[in-house]
Amino acid sequence: MRMRSWAAAAILAVSCGTIAPAYYHWVRFQSGSAPYTPVYAHYDLNALQNKTVPFFISDSGPTQMASGDSFGAVISQIRSAAAVWNGVATSDIRLSFGGLFTAGTTMNAPGIQVQFSDEIPPGMIAYGVPTIANDAVQSPSGPFYPITGAVLMLRKSMAADRPSWAESFFLPVVHEFGHTLGLQHTWTSSVMSTEVTRTTTKSKPLGLDDIAGISVLYPNDKFKATTGVITGRVTMGGAGVNLASVVALAPNRQAISALTYPDGTYRIEGVPAGSYYVYAHSLPPAVQGEIQPVNVILPVDPSGSLMPSGAFELAFAPGSSTPQQPYQVAAGQSTDGVNVAVNPRASVNLFGVQTYSYFYYGDNNSKYTAVKPATLLLGKTIGRSVLTGNGLPMSGAGLTISSINGFESVTTSPYTSQFLIADLKLNPTSAEGPRHLRFDYNGESYILPSGVQFMQQLPPAIQSVTQNADRTLTLSGSNLGASTTIWMDGVSAKVVSVQDGKLVIAPPPAPAGYRGVLAAFNPDGQSSLFIYGVDSPAYVYDTPALAQINVAPTAVSAGAETVIEINGVNTSFDNWLPSLGIGSSDVTVRQVWAMNATKAVAAVTISPQATAGPAALTVGSGLLLNNLAGGFQVLPNSKPLYVAASTITPGTIFSGGQAVLPMVNLASARPSTVTAVLTDRTGNDRIAQAIATPNNTITVQIPDGFPLGPTIVKVIVDGVSALPAVIQVDPRPPSILAIQSVLGTTVAASAGAHPGDTLQLLVINLSDGVNAVDPSRVSVTSPGIADHSVQSVTANPSMPGSYLVQFSLSTSTPASASLPLVISIDGRSSAAYNVAVVQ
């Protein structure tokens, strides 16, 4: 299979000082004529363990950092930035830290390498680029071009004004991880916008456009069931417009967008239900350092790259300069025929506007932090911001700024030679959320989605940090509450108590002398970084007892699965789950379990294609991180006997039940003697009954009352010991016994239920049958349909041990003779229970 790296083009596509269009991907069209169907580049989820791409951080690290920064802090922030993409509920792909790696390590499986380099061009912070196969691969959902790996490059000499804890470091790293997953740029102010127009924050790093973009590449069942689609065509003089940016805009909500195909058609997926205005705008011109418009790698068809059509005036559907009608979008449905007719113009001059507000701190407010976008407080008469952008008159003369479908009026005045003052006059009906700003000047219009943010309260502030006798920390300040999260560098601290505006936290473990920067994050998207920026408060650890962590074994055959034990001294693994990384994409750490405070186990798979030799071994907990270059050895494939635990379906092994263990490299299909020893999380061993069963399996009887949780299983077959494995012993899954009306009568199959009906399920094995169950832990689902809303979960007094789960059948439920209902709690799911649905 031929590969190519798009590095040369992509380097020009990630400069921090430029802007970019709607959510977009690496796109090829296999036909040069309509109808156009895009073929995307993305990872092959079926080729990944747990649908997860590992990333590895170079052990060379940066050579220069801001004062008070450290390589450990940089690593924690990179890991935290990658984890942002794991929070997308409608996407199946995940990222995991594979540890540090040493240059020259052979990696055959897909993975992302985070490197540090002095060869990043001036004006750039970082760049991320995937390696994409030239040949398409067929899948059940259609063809795609596999991403086979990626590089994320950071500066070796990190800027003093971009310490690792700053928004200006974190958000670009989130952005570059997006590139490594297959996303290009956006012009809707989300994290995949470049730094100029990006309006997301470290507290809320992803926008709707980012969520839709990644979900288009790696959708799960929730994506199409919970969001809608807008389709249409952009035309100029009756001809289709290629690479027009089409944006769906709603008041007080982030924008979402897509680019048109060569015939002018477009498809915006991932649109939350609601009412939207739709407009189209032309891509801005290339700026210095760019070889293509708006920093996007152009789509290609059999004839080559497809350039954008000519410039045109911004227009709202169906073809006017101002919004005419909103379009309704429903979950699971497509709103079609939203066409936009546009008129040509000579060039695009007005673009790339940035807005700022300022927060003051220090003695006599002598210091300030500039926050972008401008973040303004409700309850005032005027909200003041400053702004700059390409094509804006710095005198303000002739410039009109308005809030799209908002209630605020805007006036401008000169500020400096490069900035304008913009005062937004608030209305009593002004509400919290983003405002989309429209700029009109010299006959040209430009819209900046989420141009300013209105908030009900100021950002959280940490004004003092006090260490307590038990080594917890008391944080005092303002706007700190029960919904506030506290981070020490890139690791979330544990909140112990909240009282009188003070938070008591347990900081993550770290080495003695470690300097960790504290930041408070509130759900509204604001953080204490808004106030203190690079001067954020820090805590220096004076940990008296040195924590030690070691692992065994440190050498495993290629082509095997096994368990690696992680043992600690002065550790707290039960509170701070350790991580294990082996610096090669050919070695996968599938999961880590804490057995107790000083012991954890990791399930590891070594690819049969792994190259024998050394790899870095990285183990840590919280902010503790130990790395040993060459500390792990991949041995030549000796075909050892092992349990293929990675193929066992989760939630199928129960106390008192049977575990069917797939075996690999059995010497005989009919072993004569089989022994199994189970070790629970307390370290107690128990011999279990085991027999050889068909298809190269060993069936182990889990004793009644066996402790739940991770269990090490050691199997001996005809005197040969298999490599140890970890299995998870779970409670039995919930089981639906009946579906009833709220009066308790069973819903007859002949009558059926109706969309929107309030019903209840009679369920066993949901919990202990006595204690209350929080409804937020429980979901009732059907394939391809938005979740049915759960209202209450109550113990059933007439049938001890059972529960009544009241829910509303989704209004989007279609008629069906047998709609499957599945109830889930904490990852445990029932078998489907079918019910008839009539309209």
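The values are calculated or read from the model by the stated rules, or taken from the named source; none is laboratory data. From a predicted model like this one, the values you see are computed outputs, not experimental measurements. Methodologically, a virtual Cβ is constructed for each residue, glycine included, from the backbone with ideal geometry; neighbour enumeration extends over all protein chains shown. Each accessible area value is taken on the protein alone, full model and side chains, heavy atoms only, with ligands, DNA and RNA left out. Shrake-Rupley method; radii C 1.70, N 1.55, O 1.52, S 1.80 Å.
Computed values, structure above
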read-out	value
Residue in segment 318-325 that is open to solvent by less than 50 Å² (accessible area, probe 1.4 Å) and β-branched (Val, Ile, Thr) present	no
Positions within segment 201-220 being farther than 13 Å from residue 91 by Cβ and either small (Gly, Ala, Ser) or open to solvent by less than 30 Å² (accessible area, probe 1.4 Å) (or both), in sequence order	201, 202, 203, 205, 207, 209
Residues within segment 720-750 that are closer than 30 Å to residue 638 by Cβ and either of a type in the set (Lys, Arg) or assigned to a loop (DSSP other than H, G, I, E, B) (or both), tallied	2
Qualifying residue in segment 824-837 (condition: under 29 Å from the mean Cα position of the chain (by Cα) and closer than 20 Å to residue 745 by Cβ)	no
Unique residue being aliphatic (A, V, I, L, M), farther than 30 Å from residue 488 by Cα, more than 17 Å from the chain's Cα centre (by Cα) and open to solvent by 40 Å² or more (accessible area, probe 1.4 Å) when the list is 255, 239, 248	239
So residue 767, is it farther than 17 Å from residue 814 by Cβ and modelled with pLDDT under 95	yes
Test: residue 262 is under 19 Å from residue 295 (Cα atoms), open to solvent by 10 Å² or more (accessible area, probe 1.4 Å) and modelled with pLDDT of 95 or more	yes
Residue that is of a type in the set (Gly, Ala, Ser) and buried (at least 21 other Cβ atoms within 10 Å of the Cβ), where the choices are 629, 659, 644	659
Tally of residues being without any contact (Cβ under 8 Å) to a residue 40 or more places away in the chain and either acidic (Asp, Glu) or under 21 Å from residue 109 (Cβ atoms) (or both) across segment 32-45	0
Test set (1) surrounded by 16 or more Cβ atoms within 10 Å (Cβ to Cβ); (2) modelled with pLDDT under 90; (3) within 29 Å of residue 312 (Cβ to Cβ); (4) more than 34 Å from the chain's Cα centre (by Cα) - residue 426 fails condition number	(3)
Any hit, segment 702-712, residues being more than 24 Å from residue 828 (Cα to Cα) and of a type outside the set (Gly, Ala, Ser)	no
Answer residue from segment 769-796, given it is touching a Pro at 6+ places or on another chain (Cβ under 7 Å) and assigned to a strand (DSSP E or B) and is farthest from residue 757 (Cα to Cα) among those	793
Among residues of segment 751-765, those that are under 37 Å from the mean Cα position of the chain (by Cα) and not in a strand (DSSP E or B), counted	5
Unique match (being of a type in the set (Asp, Glu), surrounded by fewer than 16 Cβ atoms within 10 Å (Cβ to Cβ) and either under 36 Å from the mean Cα position of the chain (by Cα) or modelled with pLDDT under 90 (or both)) among 432, 408	432
Residue that is least open to solvent (accessible area, probe 1.4 Å) [pool: residues in segment 327-349 that are touching a Phe, Trp or Tyr at 6+ places or on another chain (Cβ under 7 Å) and over 29 Å from residue 391 (Cβ atoms)]	329
Search result, residues across segment 59-95 that are buried (at least 20 other Cβ atoms within 10 Å of the Cβ), assigned to a helix (DSSP H, G or I) and of a type in the set (Gly, Ala, Ser)	72, 73, 76, 80, 81, 82
Scan of segment 564-588 for residues that are surrounded by fewer than 20 Cβ atoms within 10 Å (Cβ to Cβ) and assigned to a loop (DSSP other than H, G, I, E, B), ordered by number	570, 572, 574, 575, 577
Subset of segment 591-618 [open to solvent by 10 Å² or more (accessible area, probe 1.4 Å) and in a strand (DSSP E or B)]	591, 592, 593, 594, 595, 596, 599, 605, 613, 614, 617
Residue ID - modelled with the lowest pLDDT, chosen from residues in segment 727-746 that are open to solvent by less than 30 Å² (accessible area, probe 1.4 Å) and of a type in the set (Val, Ile, Thr)	739
Search result, residues across segment 63-88 that are farther than 18 Å from residue 174 by Cβ and among the β-branched types (Val, Ile, Thr)	63
Elements of type strands (runs of 3 or more DSSP E) contained in segment 664-709, each with 3 or more residues being open to solvent by less than 50 Å² (accessible area, probe 1.4 Å)	674-679, 690-693, 697-701
Residues of segment 232-244 that turn out to be out of contact with any Ser or Thr (no Cβ under 6 Å at 6 or more places or on another chain) and part of a strand (DSSP E or B), as a count	5
Qualifying residue in segment 272-283 (condition: under 23 Å from the mean Cα position of the chain (by Cα), closer than 27 Å to residue 523 by Cα and open to solvent by 10 Å² or more (accessible area, probe 1.4 Å))	yes
Qualifying position, being outside any strand (DSSP E or B), of a type in the set (Ser, Thr, Tyr) and surrounded by fewer than 23 Cβ atoms within 10 Å (Cβ to Cβ), among 190, 168	168
Any hit, segment 370-390, residues being in a strand (DSSP E or B) and within 23 Å of residue 277 (Cα to Cα)	no
Scan of segment 106-136 for residues that are part of a loop (DSSP other than H, G, I, E, B) and surrounded by 22 or more Cβ atoms within 10 Å (Cβ to Cβ), ordered by number	111, 125
Residue 770 of a type outside the set (Asp, Glu) and surrounded by fewer than 18 Cβ atoms within 10 Å (Cβ to Cβ)	yes
Segment 493-518 - residue that is open to solvent by 10 Å² or more (accessible area, probe 1.4 Å) and touching a Ser or Thr at 6+ places or on another chain (Cβ under 6 Å) and, of those, farthest from residue 73 (Cα to Cα)	502
